[in-house]
Amino acid sequence: MFLKRFTPEGVEQFRAELEQMAADPSREPPKWLVASPEFTEDHPDLHVELVEERLSTRSEAARRLNEILGDPPPQGVFGDVGLWAWLTLFYIDSVLPVDKKGVRPVKAMARYIPDGGDYRRYYRHLLAGPYRVYRAHRDDPERAAILLCPSLSTPGDVVEQLVARQELITNPVVVQVATSLYYDPTTGNAKKGAGGKSGGSARRLASVLDQFDVTWDLFAMPAATLLAHLPREFNKFR
């Protein structure tokens, strides 16, 4: 199977199929759409052959997509809704796997079809989101470990809280601080308590950084200095 993308009609057909899956979680995904001549077209700049594979983590998906889309990727890739929707269906068993009950619970549509008009929702796309994080930190992907370590299909609260603010996740200093606080290298996952609303959580970090940004240049401040200035509630993660 060579890389394709959905036409505008294909995107809407895929959306309609997802809505039916949301209403009936036992419904199978429309894999027939992947090669439909009526709803897909060849990508004009990418002639890449894909193979069926399972992608477990956001990091694994981001690195694979970086290989597929090239370095640098063709202009316009980030905003190509048809491409990302098609890739979602191609990797549907990774993006929307069958759960323990034997169903595929469809959640917010922005997870599967990117919302190009709202960057906060765009980053919630389960493939485009980690890919853009990886591209923003491709000089040192380990810096973004906290944003790339989670499961592809269930990113979790830490990712949800941080990716809603583009100015934070594209800032190397902020991302390094978040990884230093919340990533546990021994488990390869987020530390216990990093999510939720409690003191020192990722939600609180985003709020505190919004306040700091009024006074300080967060791009210029060393990560160690930013860590040192965080309130005492973050001590349990430092």
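The values are calculated or read from the model by the stated rules, or taken from the named source; none is laboratory data. Small disclaimer: the values here were computed from a predicted structure and weren't measured. Don't worry about glycine lacking a Cβ; one is built from the backbone with ideal geometry, like all the others, and counts go over all protein chains shown.
The residues listed here are Leu126, Leu87, Leu83; of these, the one that is crowded, with 20+ Cβ neighbours inside 10 Å, touching a helix residue (DSSP H, G or I) at 6+ places or on another chain (Cβ under 7 Å) and either assigned to a loop (DSSP other than H, G, I, E, B) or modelled with pLDDT of 95 or more (or both) is Leu126. Set side by side, the residues Leu96, Leu127 differ, and just one is touching a residue at least 40 places away in the same chain (Cβ under 8 Å), within 30 Å of Lys31 (Cα to Cα), in contact with a Lys or Arg (Cβ under 7 Å, 6 or more places away or on another chain) and not assigned by TED's automatic domain parsing to the domain that holds Gln211, which is Leu96.
Screening Ser153 against (1) modelled with pLDDT of 95 or more; (2) polar (S, T, N, Q); (3) closer than 20 Å to His229 by Cα leaves a single unmet condition, (3). Among all residues of segment 38-57, there is none that is surrounded by 14 or more Cβ atoms within 10 Å (Cβ to Cβ) and in a helix (DSSP H, G or I). The set of residues from segment 20-57 being within 21 Å of the chain's Cα centre (by Cα) and either charged (D, E, K, R) or within 17 Å of Ala128 (Cβ to Cβ) (or both) comprises Leu50, Glu52, Glu53, Arg54, Leu55, Thr57.
Take segment 212-238 and flag every residue that is of a type outside the set (S, T, N, Q) and assigned to a loop (DSSP other than H, G, I, E, B).
Answer for segment 212-238, where residues must be of a type outside the set (S, T, N, Q) and assigned to a loop (DSSP other than H, G, I, E, B): Trp216, Asp217, Leu218, Phe219, Ala220, Met221, Pro222, Leu230, Pro231, Lys236, Phe237, Arg238.
The single condition from (1) more than 20 Å from Leu152 (Cα to Cα); (2) in contact with a Leu (Cβ under 7 Å, 6 or more places away or on another chain); (3) not in a helix (DSSP H, G or I) that Gln13 fails is (3). Selection of helices (runs of 4 or more DSSP H) fully inside segment 150-211 by the criterion of at least 2 residues being hydroxyl-bearing (Ser, Thr, Tyr) returns 172-182.
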